[in-house]
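K.L.:
The structure follows.
The values are calculated or read from the model by the stated rules, or taken from the named source; none is laboratory data. Since this is a predicted model, take the numbers as computed values, not measurements. With ideal geometry, Cβ positions are generated from the backbone for all residues, glycine too; neighbour counts draw on all protein chains shown.
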There are 4 protein chains.
Amino acid sequence: MAGNTYGTLFKLTTFGESHGKAIGGIIDGCPSGLEIDLQFVQSELDRRKPGQSKIVTQRKEPDTVDFLSGIFEGKTTGTPIGFEIVNTNQKSKDYAHIKDTFRPSHADYTYDQKYGNRDYRGGGRSSARETASRVVAGAIAKQMLGDMKVTAYVSAVGDLVSEISYQELDFGCIEQNDVRCADSAFAKACEEKIKAIRKEGDTIGGVISCVIQNVPLGLGEPVFDKLHAELGKAMLSINAVKGFEYGSGFAGAQMKGSAHNDLFNEDGSTQSNQSGGVQGGISNGMDIYFKVAFKPVATVMQKQTALQKDGTLSEMQGKGRHDPCVVPRAVPIVEAMAALVMADFVLRDKSVRL
Amino acid sequence: MAGNTYGTLFKLTTFGESHGKAIGGIIDGCPSGLEIDLQFVQSELDRRKPGQSKIVTQRKEPDTVDFLSGIFEGKTTGTPIGFEIVNTNQKSKDYAHIKDTFRPSHADYTYDQKYGNRDYRGGGRSSARETASRVVAGAIAKQMLGDMKVTAYVSAVGDLVSEISYQELDFGCIEQNDVRCADSAFAKACEEKIKAIRKEGDTIGGVISCVIQNVPLGLGEPVFDKLHAELGKAMLSINAVKGFEYGSGFAGAQMKGSAHNDLFNEDGSTQSNQSGGVQGGISNGMDIYFKVAFKPVATVMQKQTALQKDGTLSEMQGKGRHDPCVVPRAVPIVEAMAALVMADFVLRDKSVRL
Amino acid sequence: MAGNTYGTLFKLTTFGESHGKAIGGIIDGCPSGLEIDLQFVQSELDRRKPGQSKIVTQRKEPDTVDFLSGIFEGKTTGTPIGFEIVNTNQKSKDYAHIKDTFRPSHADYTYDQKYGNRDYRGGGRSSARETASRVVAGAIAKQMLGDMKVTAYVSAVGDLVSEISYQELDFGCIEQNDVRCADSAFAKACEEKIKAIRKEGDTIGGVISCVIQNVPLGLGEPVFDKLHAELGKAMLSINAVKGFEYGSGFAGAQMKGSAHNDLFNEDGSTQSNQSGGVQGGISNGMDIYFKVAFKPVATVMQKQTALQKDGTLSEMQGKGRHDPCVVPRAVPIVEAMAALVMADFVLRDKSVRL
Amino acid sequence: MAGNTYGTLFKLTTFGESHGKAIGGIIDGCPSGLEIDLQFVQSELDRRKPGQSKIVTQRKEPDTVDFLSGIFEGKTTGTPIGFEIVNTNQKSKDYAHIKDTFRPSHADYTYDQKYGNRDYRGGGRSSARETASRVVAGAIAKQMLGDMKVTAYVSAVGDLVSEISYQELDFGCIEQNDVRCADSAFAKACEEKIKAIRKEGDTIGGVISCVIQNVPLGLGEPVFDKLHAELGKAMLSINAVKGFEYGSGFAGAQMKGSAHNDLFNEDGSTQSNQSGGVQGGISNGMDIYFKVAFKPVATVMQKQTALQKDGTLSEMQGKGRHDPCVVPRAVPIVEAMAALVMADFVLRDKSVRL
């Protein structure tokens, strides 16, 4: 398998299966001399961990990150930062019964066909457990970004869609509700929705919005590696993501140029921001904002037909403790990937001028 | 500037400004022994060129591609394929008057701020002229893909949105109409829309849909380089693109898991295809389909305020011959980028097994 | 710090400081379905570990490798192989006294100047301890290489230089002597030499020769990534290496073309092998052989002047347990890097033809 | 074929066969705002071109470089620099007779076996003609290096080996003699040697030494991408190179640590420079110096046995105008590759600190 590295200069490489000994990663390219708040890293990881609220999976995993290198006397040394999260309850379960079963809309079948074998325990490498490593690296990246601020929040759960623009929302409220909406009334509605869905033994999709503020002008490498193209790739690489749009997005496709153009102010800022903070693939100093669509979790607590390795179909039913809706726990993952992208572009921009 | 290379094993690197001597590129990693139909390459380029119909820009540029290396006696030799497209009318124009002007929603300002200077003639490197090189490379990639078939078409112009699923459309009709819709009635409506917009001196956005058929099972590197994540990046790297969704896309975020899951048939195919042909970042053998949103062209034939380098605002009016709607000419570009992504994954997949 | 990854498709990324919690790495791109003999990996590591014989450093480090992912039920799954070697005696020592000292011909000064700070304990990242991770990865690579056989041995210690060609040597003898020569008489002389040098409180350089047999024809990417160029880079990336030559090497520069040319046999093999198994950057099926020059270890048990951070010079004396000659323990490192290079080229070669 | 790109941030990708339409390349990552002296680029190319003196091949090729992009109004814009050198006399020759012949110690056989076909005209991609593109890019890199000065010269032709250290040589004399030695008496002897060899219809190898002065402290990424490891790879990627050593090199392997260590001065410089300006993979501010061994040109004007595609052996005789000794024309190539390496590390170093 290739493709376990993200980034060009600020590089994260991850390893680990859901039920192997550990997951973790190596961050290569983090500048030296950066003070690192390790508590902050753990607190970011806690935002993602299972069992944190009533509307997410009730599995208990402590997800404690252990740094193995690259940080000395509280600061980065410029050497690679190795870290791991030991899988604490990987021995207790028996997954032998799903060894030869391909669950619908999971990666079981494609992994098995591509690789010829797979670690079937808990989804193995295809499990979203891998994203814990991204959150760790994102928490380091955030500390590199200085004033730049990355904030994500849930803006839709199923057909409950918030149309309020981010400027009118209260980001302070995001961590105050279990869904991670930036609007407490909307949060309440979403929470009810998720509970109802769970009661049905079903799951539901959702949308996460993300805003990056205080972005320096000039980030992005404007042909194939446009800033928004890398953001898009980063988001689409998160499990269950089905779509990405930034600035005016799909709605922009319906607009006229005369309305869509962002007219300048004298200081180079713009009056509107249909561009979503990116022009020609380069940040223009305005806020970057984008949306990420997540499909419903594939494991439902209902009977569904699955494919057996021998080519027969048979009924199976999801069991165990799964998320009825992935977006509350995906908020820190979206932020982490956004932070990784921005950190990488900050470093890439340094070689543009002598 | 970094970021002028796309691909991991099938790699395209492009160069060239809109009004420099030439644009072109190098394809490195194309397998040897591939018979190349050079006419086909030119015909793909002709689908993108200006002046091809009444609803696109009336500029005349022959856009003739010249291959300089890598093809010998009609076949690839495995060595890098260098090619160029000479800019034939780059000398005639005088762009000195926009040297110090930053047009709204163009890349003028961000390029100038990032690089400190820029080739201001016709947008320079930020011009969509660069995509001609992508079409050349995509036409080589298509010839590598064998049975795999990449088809793009216009599915929306402004608020005219076709809801017909691709299975019910007639791909044979795409090149029969100037808009490149896969439905002649819809094409007619779109064409009228574009003409009306042009008459207003305005521009309009649109959506291109793309379908990839006969995809082998197993393409994609499933963590950061998921198949759909690379498709997303590739599409978002095209000028004017604001959004990307595949399979159920943003609509999938509103669905329940029980409805969204694609149940298997005994042969491993699925009854539905909400997954858009990709599960866990790996192709599952079903059709891949996705949508790409394009914003309206920023150059409108109306007065708009522009920013001067000295920090003053002044009125300017677009002149020259520009596209009122970019999607008809962007269809071959979407196909080209999709073909490049698929060609790269075909090669990457080869190292998965000994 | 960038540059902690080696390889294009078979990729090793390493992390870890000499006295941090652990060192380790991630191998990404190892094909799936490969049976892995974990004992073999540990046995390779044991060939490199300190304290294994009387002529190497007497430090005791068990260097036990722990695999964290990527191997399931005895086989690679195609997912990244994470591994670590816990640093067991890193807490016992106090390095505070060398915190502000730059030892001559060490990396202390350059690291400090480049990064602004450093983990000074035991050389930190610049310690050759990092190469243990390479040996682990090399032992995986060797198991991927099938019939290809990589054998290194000591061919010079100081001015004791063996001129016997590898064909006349007995590779079976290499692990039978502490110096790892392929000739027991020569081994005896080298061992005496090293003991004498150690008695002087001094160190001595040496040369390692390496032979790769049963090489398939066609490995190597022949412009910048010529097979021998990557071998050279890989060897020069090992601590203390000062030179690399393959085939006829520097002696070849003194030869005439008529004598240097390797005339063909009818089966495509060659009568002589001045080319060292590589022609035009591509393996020709003959044995690959090369030499690697190592400088003497910089830490001598004699008084030497060192630079203090405050710009003063002061006398220091090496203490602790260091190698008087690095080549005996470097033999498995040379083999490991050679195996990594070959494994990478085996995978790269797969995309040359459809 | 992969491997046609050199560099990480300052990247050169080349294309072109000896007798195709053109050779050339794209430099991506050159910083913006750099004033470029195009005459200097051409003058560097002229140092490499055939026919420049009596002791090199008498072929006449003007080798005029044409820049296609990336330089505007005399300065780099930060966009990729595309360039080409048209092959002017590629049509006149008929190579059909060697189509099925594999010359000894050429790349004919390995290319043919690896790729299944090849452009056999004049060696095609394996011809050293490719290095002209490197010289162009190197001449751009040199202009980026500011005070850093890269100087190469011939230090051996066959068994004529100059032992004078570079500090005692007169670099001003290098371009004053046809061999490009830095010592006119030695140059005279080498010239006689080359003429005598040519008279025999034979060829001879040689050594090029290279010195880089005014190197800033801190360049190099010290694990796999050590400064000297990249220099080694870059040199070994040049056609006909068999070995590389830097600083004390192979001679250093015979030394004791007490003699080899470079003791510091108070300002961080060192009293001796066995390290060759690199410690732990990072430049220490002292001069970098290294040697590159070239084998004799394989095409001799004598009868030699060649392999036919059908597996038979037959006599052939080199004809045409070839170099009796490659080193005089390789001097600018060594410099170019060294400049590319240093330019890349200058840019890479920028991301080490925020």
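K.L.:
Output the residues belonging to the range A:16-41 that are over 29 Å from C:Y111 (Cβ atoms) and out of contact with any Phe, Trp or Tyr (no Cβ under 9 Å at 6 or more places or on another chain).
P.N.:
A:G16, A:S18
K.L.:
Search the range B:180-195 for residues that are farther than 14 Å from B:A156 by Cβ and pair each with any residue that is loosely packed, with under 15 Cβ neighbours inside 10 Å and of a type outside the set (G, A, S) when their beta-carbon atoms are under 9 Å apart and the residues are at least 6 apart or on different chains.
P.N.:
B:S184/B:D170; B:S184/B:Q176; B:K195/B:K54
K.L.:
Same structure again: Return only the number of the condition from (1) modelled with pLDDT under 95; (2) within 28 Å of D:I194 (Cα to Cα) that D:K91 does not satisfy.
P.N.:
With respect to (1) modelled with pLDDT under 95; (2) within 28 Å of D:I194 (Cα to Cα), D:K91 is out only on (2).
K.L.:
Just a yes or no: is a residue in the range C:115-124 acidic (D, E) and surrounded by fewer than 22 Cβ atoms within 10 Å (Cβ to Cβ)? Spell out how you get there, then give the answer.
P.N.:
Narrowing the range C:115-124 to residues acidic (D, E): C:119.
Now narrow it down to the ones that are surrounded by fewer than 22 Cβ atoms within 10 Å (Cβ to Cβ): none.
So far as the range C:115-124 goes, no, none of its residues is acidic (D, E) and surrounded by fewer than 22 Cβ atoms within 10 Å (Cβ to Cβ).
K.L.:
List the pairs whose first member sits in the range C:96-119 and is without any contact (Cβ under 8 Å) to a residue 24 or more places away in the chain, whose second member is among the basic types (K, R), and whose Cβ atoms are under 6 Å apart, counting only residues at least 6 apart or on separate chains?
P.N.:
So the pair list comes out as C:Y111/C:R118.
K.L.:
For B:F250, indicate whether it is buried (at least 19 other Cβ atoms within 10 Å of the Cβ), over 30 Å from A:E315 (Cβ atoms) and not β-branched (V, I, T).
P.N.:
In short, yes.
K.L.:
Pick from A:G70, A:G78: which is in contact (Cβ under 8 Å) with a residue 24 or more places away in the chain and out of contact with any strand residue (DSSP E or B) (no Cβ under 9 Å at 6 or more places or on another chain)?
P.N.:
Values: A:G70 fails: out of contact with any strand residue (DSSP E or B) (no Cβ under 9 Å at 6 or more places or on another chain).
When all the criteria are applied, what remains is A:G78.
K.L.:
Those residues that are within 14 Å of chain A (Cβ to nearest Cβ), exposed (fewer than 15 other Cβ atoms within 10 Å of the Cβ) and either not basic (K, R) or not in a helix (DSSP H, G or I) (or both), I need them from the range B:171-199; list them, please.
P.N.:
B:A196
K.L.:
Do we have C:L263 as hydrophobic (A, V, I, L, M, F, W, C), surrounded by fewer than 23 Cβ atoms within 10 Å (Cβ to Cβ) and in contact with a strand residue (DSSP E or B) (Cβ under 6 Å, 6 or more places away or on another chain) here?
P.N.:
Yes; evaluated as a whole, the condition is true for this residue.
K.L.:
Sticking with this structure for a sec: In the set A:L340, A:L313, which member is aliphatic (A, V, I, L, M) and without any contact (Cβ under 8 Å) to a residue 24 or more places away in the chain? Break it down into steps so the answer makes sense when it comes.
P.N.:
On the way: A:L340 fails: without any contact (Cβ under 8 Å) to a residue 24 or more places away in the chain.
So the residue among A:L340, A:L313 that is aliphatic (A, V, I, L, M) and without any contact (Cβ under 8 Å) to a residue 24 or more places away in the chain is A:L313.
K.L.:
Now a separate question. Residue by residue through the range B:307-328, note down the ones that are more than 9 Å from chain A (Cβ to nearest Cβ) and of a type in the set (A, V, I, L, M).
P.N.:
Those that are more than 9 Å from chain A (Cβ to nearest Cβ) and of a type in the set (A, V, I, L, M): B:M316, B:V326.
K.L.:
Return the total of residues in the range B:208-242 being surrounded by fewer than 23 Cβ atoms within 10 Å (Cβ to Cβ) and within 7 Å of chain A (Cβ to nearest Cβ).
P.N.:
2
K.L.:
Within the group D:G172, D:G220, D:G201, D:G206, which residue is under 30 Å from A:I81 (Cβ atoms) and either free of Cβ contacts under 8 Å to residues at least 60 places away in the same chain or not hydrophobic (A, V, I, L, M, F, W, C) (or both)?
P.N.:
Sole residue among the options that is under 30 Å from A:I81 (Cβ atoms) and either free of Cβ contacts under 8 Å to residues at least 60 places away in the same chain or not hydrophobic (A, V, I, L, M, F, W, C) (or both): D:G220.
K.L.:
Condition test on C:P31, is it touching a residue at least 60 places away in the same chain (Cβ under 8 Å) and surrounded by fewer than 24 Cβ atoms within 10 Å (Cβ to Cβ)?
P.N.:
Details: touching a residue at least 60 places away in the same chain (Cβ under 8 Å): yes; surrounded by fewer than 24 Cβ atoms within 10 Å (Cβ to Cβ): yes.
So C:P31 passes the test.
K.L.:
Checking C:D310 against (1) surrounded by fewer than 21 Cβ atoms within 10 Å (Cβ to Cβ); (2) in contact with a Ser or Thr (Cβ under 7 Å, 6 or more places away or on another chain), which test does it fail?
P.N.:
(2)
K.L.:
Filter the range A:176-230 down to the residues that are under 19 Å from A:A240 (Cβ atoms) and hydroxyl-bearing (S, T, Y) and list them by number.
P.N.:
Passing the criteria: A:T203, A:S209.
K.L.:
Restricting attention to the range B:80-102, which residues are within 14 Å of chain A (Cβ to nearest Cβ) and either in contact with a Ser or Thr (Cβ under 6 Å, 6 or more places away or on another chain) or surrounded by fewer than 20 Cβ atoms within 10 Å (Cβ to Cβ) (or both)?
P.N.:
B:D100, B:T101
K.L.:
Now for a separate question. D:R129: in contact (Cβ under 8 Å) with a residue 12 or more places away in the chain, touching a His at 6+ places or on another chain (Cβ under 9 Å) and of a type in the set (D, E, K, R), yes or no? Quick ask: steps written out before the conclusion?
P.N.:
Numbers: in contact (Cβ under 8 Å) with a residue 12 or more places away in the chain: yes; touching a His at 6+ places or on another chain (Cβ under 9 Å): yes; of a type in the set (D, E, K, R): yes.
Yes: the conditions hold for D:R129.
K.L.:
Restricting to the range C:125-162, name every residue that is in a strand (DSSP E or B), within 13 Å of chain D (Cβ to nearest Cβ) and crowded, with 24+ Cβ neighbours inside 10 Å. Quick ask: steps written out before the conclusion?
P.N.:
First, the residues of the range C:125-162 that are in a strand (DSSP E or B): C:149-157, C:160-161.
Within this subset, residues satisfying the condition of being within 13 Å of chain D (Cβ to nearest Cβ) are C:154-157, C:160-161.
Of everything in the range C:125-162, those that are in a strand (DSSP E or B), within 13 Å of chain D (Cβ to nearest Cβ) and crowded, with 24+ Cβ neighbours inside 10 Å turn out to be C:V154, C:S155, C:A156, C:V157.
K.L.:
Also: Of the conditions (1) in a helix (DSSP H, G or I); (2) within 11 Å of another protein chain (Cβ to nearest Cβ); (3) small (G, A, S), D:G122 satisfies every one except a single condition; which number is it?
P.N.:
Here D:G122 clears every test but (2).
K.L.:
Would you mind listing the strands (runs of 3 or more DSSP E) fully within the range A:1-79 where at least 3 residues are within 14 Å of chain B (Cβ to nearest Cβ) and at negative phi?
P.N.:
Working: elements: A:11-15, A:22-28, A:65-67.
Once the strands (runs of 3 or more DSSP E) in the range A:1-79 are filtered for at least 3 residues that are within 14 Å of chain B (Cβ to nearest Cβ) and at negative phi, what remains is A:11-15, A:22-28.
K.L.:
Ok, one more. Could we say that D:V341 is at negative phi and either more than 10 Å from chain C (Cβ to nearest Cβ) or at pLDDT below 95 (or both) here?
P.N.:
Numbers: at negative phi: yes; either more than 10 Å from chain C (Cβ to nearest Cβ) or at pLDDT below 95 (or both): yes.
Yes.
K.L.:
Additional query: Kindly list the number of the only condition in (1) small (G, A, S); (2) more than 30 Å from D:D159 (Cα to Cα); (3) assigned to a helix (DSSP H, G or I); (4) out of contact with any Cys (no Cβ under 7 Å at 6 or more places or on another chain) that fails for C:G218.
P.N.:
If we test C:G218 against (1) small (G, A, S); (2) more than 30 Å from D:D159 (Cα to Cα); (3) assigned to a helix (DSSP H, G or I); (4) out of contact with any Cys (no Cβ under 7 Å at 6 or more places or on another chain), just (3) comes out false.
K.L.:
Right, here's the next one. If only one of A:E44, A:E73, A:E35 is closer than 27 Å to A:P328 by Cβ and among the acidic types (D, E), which one is it?
P.N.:
A:E44 is the lone residue from the list that is closer than 27 Å to A:P328 by Cβ and among the acidic types (D, E).
K.L.:
Conditions first: (1) within 9 Å of chain A (Cβ to nearest Cβ); (2) at pLDDT 95 or above. B:Q304 passes all but one, so which condition is the exception?
P.N.:
(2)
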